[in-house]
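Please read the structure below before turning to the comments.
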Amino acid sequence: MRRHARLTALLTGLLVATAGLAGCTSGADRSPRGQPAAVTSPAGYTANPDAPPPVVATADGRISGQRTGKMDRYHGIPFAAPPVGTLRWTAPRQPTPWSGVRNGAVGGPPCKQDGAFAAISSEDCLYLSVGRPAGAPLTGRLPVILWIHGGAFVGGTGETFDPSALVTGGPAIVVTTNYRLGPLGYLVLPSLGAGDAGNFATEDLIAALRWVRTNAAAFGGDPTNVTIMGESAGSVNVCALLAAPAATGLFQRAIMESGPCSWELPTMAQAAQTGLALAAKLGCPDPVTAAACMRTRSADQLVTAAADDTEIFSAFAFAPTTGGATLPLTPSQALWDGRLARVPLLMGTITDEGRPFTNHWAAEGPITDWGVDTLIRTHFPDRADRVLAAYPAGQAPPRERLARIITDDMFTCQTTTFAQLATGIAQQPVYLYEFDVPDAPASSPEFGTGATHGWDLDYLFPSAVSSQLTTAGRIALSKAMVGYWTRFAATGDPGGGAAAAGSPPAWPRFDVRTVRGGVDRMLLTPAKVAAVAGTWSAHHCDVWS
């Protein structure tokens, strides 16, 4: 499939999936007015819901927090200096220490972007938030999870995610972070110099990990037991960190949701062409002076120019860039060369990931059986007959048929293949999953029922505002997933200790030798949580391998 068509579909879809989480909040557990009752987390920590959280002394200064039910959260902590003025398009610098007690009840703004968060976004955005169980001792050594939001590398923010389920269900320390987006995070121009061009956002995430290494213990976390976790574009950022030499040793496990490590990323040469096109669009056509000229443009001008020309600036034009000092190799190349971080991996996809992305194919022709046949022959000329045989007309409505092709090609089979390589080449522990809510209403009459891209987020970050947890089965699935994810963060094994009576079943390690027939993944649905076989055949991965 041509790079532009495949990734343009992803670009908008991933941003929409992430933006839909805006407004997530934590609910406080309280007794009737005037009678505050202590809250007790599943781990046994007890705290007065009306008492302020402890003030925490970080390396840069003291900060207060906000207690919401069973979680204490510390918002708006700077992990790097504001990347503005002369610090725009430079590697992140150390934040300025502060005196007194910083107010941690207010989150930092989203990084500058177009779309859902444009009005409240800012170029001064390198802030993170820390969630910890209310009542947990500051002297504890809880596992730490660093959550990396999605949004196609051009949108989103860590502040919209409510980590209380993971915090109290683990228990765990959960850090949600921002990172520079779009042209402010991934610009490459020859006149910027080599340095970290194309990967300022990746450097931001490494700076956040260094902050965690320095400060996790102050919040009761274990700085030597850190899990990086992301969804969609956030998952691809996790993949980049696995391959980034400067991130080595800063984390011990990785979770990738709906973002395969084998997705195509721009090279320095490709990103430079994108950067020069953006510079020319903003009146800076001379390659020699383009960087200096672009520094005079406002952040709003930069993100607007990058967003309003989808023909030039779509298709992951702004994304982690390979071939530079920060990310010399793609994650797949790093794996083959033995340079990928050798840590346990938990990765997976959703049964019908491709549904949100079919709209972007409609511009090429009608989504009819004939139209889908034409798209297949256009985008898969080397395997068109095999694809047509695996996805014949008449077995599903045309748009659902196209969605299944997108799911299998771009998500499930790429994830499964990377799992094979990680276990076969590097002997890394890998745990594979597939998520679905089969009875979820269809998003369109042209689709069957079931979950699609981004639907798993509500099960790990449930909120009072947008929660899908409306049945006993869905609530149980959320609890099972939180247990698996936090056990993985604590031990590197999501099924560790899960075989006790009444708990979800144990989760077997992925085995490359059984992928074409044996048990290969954990199926996560409201009706069934079980280790099952058949990913390869169910998703026609022989066609896409």
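The values are calculated or read from the model by the stated rules, or taken from the named source; none is laboratory data. The model shown is predicted, which means the values in this text are computed figures rather than measured ones. Positions of Cβ are backbone-derived with ideal geometry, glycine not excepted, and every protein chain shown enters the neighbour counts.
Restricting attention to segment 337-347, does a residue exist that is over 23 Å from VAL84 (Cβ atoms), of a type in the set (Val, Ile, Thr), within 22 Å of the chain's Cα centre (by Cα) and surrounded by fewer than 21 Cβ atoms within 10 Å (Cβ to Cβ)?
Taking segment 337-347 first, the residues over 23 Å from VAL84 (Cβ atoms) are 337-347.
Still in the running and of a type in the set (Val, Ile, Thr): 343.
Add one more test, that the residue is within 22 Å of the chain's Cα centre (by Cα), and what stays is 343.
Next cut, surrounded by fewer than 21 Cβ atoms within 10 Å (Cβ to Cβ) only: 343.
Looking through segment 337-347, at least one residue is over 23 Å from VAL84 (Cβ atoms), of a type in the set (Val, Ile, Thr), within 22 Å of the chain's Cα centre (by Cα) and surrounded by fewer than 21 Cβ atoms within 10 Å (Cβ to Cβ).
Can you tell which of SER467, SER478, SER463 is among the hydroxyl-bearing types (Ser, Thr, Tyr), without any contact (Cβ under 8 Å) to a residue 24 or more places away in the chain and under 23 Å from ALA43 (Cβ atoms)?
Working: SER478 fails: without any contact (Cβ under 8 Å) to a residue 24 or more places away in the chain; SER463 fails: without any contact (Cβ under 8 Å) to a residue 24 or more places away in the chain.
One residue alone meets the criteria, SER467.
Can you tell me which of THR296, THR322 is free of Cβ contacts under 8 Å to residues at least 60 places away in the same chain, crowded, with 20+ Cβ neighbours inside 10 Å, outside the structural domain of ARG88 (by TED's automatic domain parsing) and among the hydroxyl-bearing types (Ser, Thr, Tyr)?
Values: THR296 fails: crowded, with 20+ Cβ neighbours inside 10 Å.
From the options THR296, THR322, the qualifying one is THR322.
Please give the number of the condition GLN420 fails out of (1) under 23 Å from GLN395 (Cβ atoms); (2) at pLDDT below 95.
The number of the failed condition is (1).
Counting only residues that are buried (at least 24 other Cβ atoms within 10 Å of the Cβ) and assigned to a loop (DSSP other than H, G, I, E, B), how many does segment 226-250 have?
Selection size over segment 226-250: 2.
Is there any pair linking a residue in segment 181-194 that is in the same structural domain as GLY85 (by TED's automatic domain parsing) and modelled with pLDDT of 95 or more to one that is outside any helix (DSSP H, G or I) and of a type in the set (Asp, Glu), with Cβ under 7 Å and at least six apart or on different chains, and which?
Cβ pairs passing all conditions: LEU184/GLU123.
Can you confirm whether segment 490-510 contains a residue that is modelled with pLDDT under 95, under 23 Å from MET410 (Cβ atoms) and either among the aromatic types (Phe, Trp, Tyr) or assigned by TED's automatic domain parsing to the domain that holds ALA440 (or both)?
Scanning segment 490-510 turns up at least one residue that is modelled with pLDDT under 95, under 23 Å from MET410 (Cβ atoms) and either among the aromatic types (Phe, Trp, Tyr) or assigned by TED's automatic domain parsing to the domain that holds ALA440 (or both).
If you check ARG6, ARG88, ARG2, which single one turns out to be out of contact with any Phe, Trp or Tyr (no Cβ under 8 Å at 6 or more places or on another chain), surrounded by 17 or more Cβ atoms within 10 Å (Cβ to Cβ) and at pLDDT below 50?
Values: ARG88 fails: at pLDDT below 50; ARG2 fails: surrounded by 17 or more Cβ atoms within 10 Å (Cβ to Cβ).
Result of the check over ARG6, ARG88, ARG2: ARG6.
Could you say which residue among THR351, THR407, THR415, THR423 is surrounded by 15 or more Cβ atoms within 10 Å (Cβ to Cβ), touching a Pro at 6+ places or on another chain (Cβ under 6 Å), assigned by TED's automatic domain parsing to the domain that holds THR535 and β-branched (Val, Ile, Thr)?
Numbers: THR351 fails: touching a Pro at 6+ places or on another chain (Cβ under 6 Å); THR407 fails: touching a Pro at 6+ places or on another chain (Cβ under 6 Å); THR423 fails: touching a Pro at 6+ places or on another chain (Cβ under 6 Å).
One residue alone meets the criteria, THR415.
Take segment 21-62 and flag every residue that is at pLDDT below 90, assigned to a loop (DSSP other than H, G, I, E, B), touching a strand residue (DSSP E or B) at 6+ places or on another chain (Cβ under 8 Å) and surrounded by 17 or more Cβ atoms within 10 Å (Cβ to Cβ).
Those that are at pLDDT below 90, assigned to a loop (DSSP other than H, G, I, E, B), touching a strand residue (DSSP E or B) at 6+ places or on another chain (Cβ under 8 Å) and surrounded by 17 or more Cβ atoms within 10 Å (Cβ to Cβ): SER26, SER41, ALA43, TYR45, PRO49.
Among the residues of segment 97-119, which ones are surrounded by fewer than 21 Cβ atoms within 10 Å (Cβ to Cβ) and polar (S, T, N, Q)?
Listed by number, the residues that qualify are SER99, ASN103.
How about segment 322-359: which of its residues are of a type in the set (Asp, Glu) and within 30 Å of ARG399 (Cα to Cα)? Step through it out loud before you land on a result.
At the first step, the residues of segment 322-359 found to be of a type in the set (Asp, Glu) are 337, 352-353.
Residues satisfying the conditions are ASP352, GLU353.
Filter segment 354-368 down to residues that are surrounded by fewer than 15 Cβ atoms within 10 Å (Cβ to Cβ) and either touching a helix residue (DSSP H, G or I) at 6+ places or on another chain (Cβ under 6 Å) or in the same structural domain as ALA244 (by TED's automatic domain parsing) (or both) and give me whichever is nearest to ALA243 (Cα to Cα).
Top of the filtered list is GLY365.
Among the residues of segment 211-225, how many are touching a Pro at 6+ places or on another chain (Cβ under 8 Å) and either assigned to a strand (DSSP E or B) or within 17 Å of PHE488 (Cα to Cα) (or both)?
Matching residues across segment 211-225 total 3.
Only one of these is touching a Lys or Arg at 6+ places or on another chain (Cβ under 8 Å) and surrounded by fewer than 17 Cβ atoms within 10 Å (Cβ to Cβ): GLY473, GLY496, GLY518. Name it.
Going through GLY473, GLY496, GLY518 in turn, the sole match is GLY496.
Taking only segment 63-72 into account, find how many residues are over 18 Å from LEU128 (Cα atoms) and either at pLDDT 95 or above or buried (at least 20 other Cβ atoms within 10 Å of the Cβ) (or both).
Qualifying residue count for the region: 1.
Which of (1) under 20 Å from VAL212 (Cβ atoms); (2) in contact with a His (Cβ under 7 Å, 6 or more places away or on another chain) is the odd one out, the single condition ALA105 does not satisfy?
Among (1) under 20 Å from VAL212 (Cβ atoms); (2) in contact with a His (Cβ under 7 Å, 6 or more places away or on another chain), ALA105 violates only (1).
Inspect all residues belonging to segment 438-451 and state whether any of them is modelled with pLDDT of 95 or more and closer than 18 Å to GLY259 by Cβ.
no
Inspect all residues belonging to segment 181-197 and state whether any of them is surrounded by 24 or more Cβ atoms within 10 Å (Cβ to Cβ), of a type outside the set (Lys, Arg) and touching a strand residue (DSSP E or B) at 6+ places or on another chain (Cβ under 6 Å).
Within segment 181-197, one or more residues are surrounded by 24 or more Cβ atoms within 10 Å (Cβ to Cβ), of a type outside the set (Lys, Arg) and touching a strand residue (DSSP E or B) at 6+ places or on another chain (Cβ under 6 Å).
Here is a list of conditions, (1) in contact with a helix residue (DSSP H, G or I) (Cβ under 9 Å, 6 or more places away or on another chain); (2) farther than 21 Å from GLY259 by Cβ, and ILE425 meets all of them except one; can you say which number that is?
Only one criterion in (1) in contact with a helix residue (DSSP H, G or I) (Cβ under 9 Å, 6 or more places away or on another chain); (2) farther than 21 Å from GLY259 by Cβ is unmet by ILE425, namely (2).
For segment 269-290, what are the residues that are surrounded by 17 or more Cβ atoms within 10 Å (Cβ to Cβ) and within 30 Å of CYS413 (Cα to Cα)?
GLN270, ALA271, THR274
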